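Worksheet for the structure shown next.
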Amino acid sequence: MTRIEATIRDYIQQSFLDGGGAAPGYLRGDEDLLTLLDSLQILRMLMDLEAQFDIKVDNSELTPENLGTIERLAAFIHKKQLDSAYKSLTP
Amino acid sequence: MIEHSANSRAVVVCGAGAAGLAAAIAAARGGARVVLVEASSRLGGTVTHALIHTLAGLYDDAAHFINDGLPRELAERLLAADSRTRVRKLGRAWVLSVCPNVYERTVTQWLAEESCITVFTGAQVAQVARSGPHITQLTCVASGDARLLTPAAVIDATGTAEVIRLLDDALVSDEGPRSAGGWIVRLRGVAPGALDFPKGLAVVRTLREAAGRNELPAECSHAWIDLGIEPDEAFLKLFVPIDQSWRERHGEISRTALATSLAIIDFLRQRPDFAGAYLQQSGSLGIRDGGRIRGRYVLTAYDVRRSATFADAVCRCAWPIEYWDPQRGAMVEYLPAGSSYEIPMRSLQLDGIENLWAVGKCLSAERLAHASARVVGTCWAMGQAAGAAAAAMSAIQECRDEPVPALS
């Protein structure tokens, strides 16, 4: 599990799943987030992760391939970070 | 002119929204004569007036009916009335997706089928007289005429505890932060599929970003847009923070909300999917929390989170704590999977008054408990319980009024 995955998992767990004092269930990396979270939660998560990882997600990138699971989301965020690092290096 | 009504010893239900309709039907089926007093000209309350199109609180998280009886009968009638009515998953909860006009037509028809219910529309309770533990008289005003009612029992289903405020303002908790209100408009001419995931999310984000850039009013930062019933339909939902001054500022709040809706529609029209979108219908201001009574029991957030049960339970609820925080927008806290809590009759009653119930959105509950319990299905269930109890009380009073047969 990557550091980004762990951060996302903690975020989802704390923001959306621990409420109500439910025993925190283990959230798998390949769990379907689009079923687990409602659209409002996905939107909020997106905005918070954008701020946390200092990335900007374009509306065209809102796809199940990029957001569907913690693993995919982590890979997507990693790629965004690499892209922006690359952009900052190239004149 | 004051007219003394023939409807003495009736169960008087004030407010023809979810809780009031259920109370009226349950009381009538319990054998009482019922007078239903409604301020507007139409039945259905917030669903009808504020264009609520997803009915919450009818199902548990496995899509089973959470309460049998009238809430279930309502869902079955709505499903039978229109083939577009459907059970739909919203996040981890289930709702009944229904056209608000179908709801209004269905409940209006339903009420007409029930015997012993007299409906006064365009009428409001202006005065309440109490003698000891009993409400003894209500003065009901409609288009300048006053009507005196001597009820056997009274059910305040106004959603904002209007009847109880007339007794004593101190019986209603109206201070502190509260869930924001809502303003819904119905759009047509939207390209079918425009709100399918993830396109819908992109639309909402665009609105919020535009609010951040001051291209749209700041209140659009919590706006939401939801699927409609028809393929080319969408519901635009505005977030309207209110404080206790909302009663006096109702007109001003509504005008601002309508202007904001129109600005959003203009903005959305720049997107290809919304190029042909137009406003078909605007709802009126939907009040989620218009004051809660200080009842014999105050339902707490702890009760909701810990699946509380009560000896005097009237219904169950599994809806998440859906609090519309005035600053942060909608906050949804789901209950533990498979769990539900009960609402006790004492949350619908005031200390020291025997023939009065407050049902629906003005139940006695803490802010966050209210944010779960206030939904339509639960309001129907609370109304049913109070209606049945009121009918029983009116039957006892009828018995007392009967002359004792002479011994032969």
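Data for the structure
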item: Within the range B:258-327, strands (runs of 3 or more DSSP E) holding 1 or more residues that are surrounded by 18 or more Cβ atoms within 10 Å (Cβ to Cβ); result: B:313-317, B:321-325
item: Answer residue from the range B:334-355, given it is part of a helix (DSSP H, G or I) and buried (at least 24 other Cβ atoms within 10 Å of the Cβ) and is farthest from the other protein chains (Cβ to nearest Cβ) among those; result: B:LEU348
item: Residue within the range B:197-211 that is within 30 Å of B:VAL34 (Cα to Cα) and out of contact with any strand residue (DSSP E or B) (no Cβ under 9 Å at 6 or more places or on another chain) present; result: no
item: Residues located in the range B:229-247, provided they are more than 13 Å from B:PRO326 (Cβ to Cβ) and buried (at least 18 other Cβ atoms within 10 Å of the Cβ); result: B:ILE229, B:GLU233, B:ALA234, B:PHE235, B:LEU236, B:LYS237, B:LEU238
item: Count - residues of the range B:209-240 that are more than 28 Å from the chain's Cα centre (by Cα) and either of a type in the set (Lys, Arg) or at the interface with chain A (Cβ under 10 Å from one of its Cβ atoms) (or both); result: 2
item: Qualifying residue in the range B:110-124 (condition: closer than 29 Å to B:TYR341 by Cα, assigned to a strand (DSSP E or B) and of a type in the set (Phe, Trp, Tyr)); result: no
item: Condition broken by B:GLY360, with the remaining ones in (1) in contact with an Asp or Glu (Cβ under 7 Å, 6 or more places away or on another chain); (2) within 14 Å of B:ALA386 (Cα to Cα) satisfied; result: (1)
item: Answer from B:ALA39, B:ALA23 - the residue that is surrounded by 24 or more Cβ atoms within 10 Å (Cβ to Cβ) and either at pLDDT 95 or above or within 12 Å of B:TRP380 (Cβ to Cβ) (or both); result: B:ALA23
item: Of the criteria (1) within 18 Å of the chain's Cα centre (by Cα); (2) of a type in the set (Phe, Trp, Tyr); (3) more than 25 Å from B:PHE239 (Cβ to Cβ); (4) within 13 Å of chain A (Cβ to nearest Cβ), which one B:TRP324 fails; result: (3)
item: Filtered residue count, the range A:10-51, keeping only those that are touching a Ser or Thr at 6+ places or on another chain (Cβ under 9 Å), of a type in the set (A, V, I, L, M) and at pLDDT below 80; result: 1
item: Unmet criterion (only one of (1) surrounded by fewer than 22 Cβ atoms within 10 Å (Cβ to Cβ); (2) in a loop (DSSP other than H, G, I, E, B)) for B:LEU166; result: (2)
item: Residue within the range B:42-58 that is hydrophobic (A, V, I, L, M, F, W, C), touching a Ser or Thr at 6+ places or on another chain (Cβ under 9 Å), buried (at least 24 other Cβ atoms within 10 Å of the Cβ) and in a helix (DSSP H, G or I) present; result: no
item: Test for A:ASP48: is it among the acidic types (Asp, Glu), closer than 15 Å to A:TYR11 by Cβ and surrounded by fewer than 18 Cβ atoms within 10 Å (Cβ to Cβ); result: yes
item: Any chance B:LEU195 is of a type in the set (A, V, I, L, M, F, W, C), at pLDDT below 90 and within 23 Å of B:VAL98 (Cβ to Cβ); result: yes
item: Lone qualifier among B:ALA365, B:ALA369, B:ALA373, B:ALA358 - being crowded, with 18+ Cβ neighbours inside 10 Å, away from chain A (no Cβ under 12 Å) and closer than 27 Å to B:SER131 by Cβ; result: B:ALA358
item: Matching residues, the range B:66-113, being among the charged types (D, E, K, R) and at pLDDT 95 or above; result: B:ASP68, B:ARG72, B:GLU73, B:GLU76, B:ARG77, B:ASP82, B:GLU104, B:ARG105, B:GLU113
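The values are calculated or read from the model by the stated rules, or taken from the named source; none is laboratory data. Given the structure is predicted, the values throughout are model-derived calculations rather than measurements. FYI the Cβ positions are ideal-geometry reconstructions off the backbone, even for glycines, and counts take in every protein chain you see.
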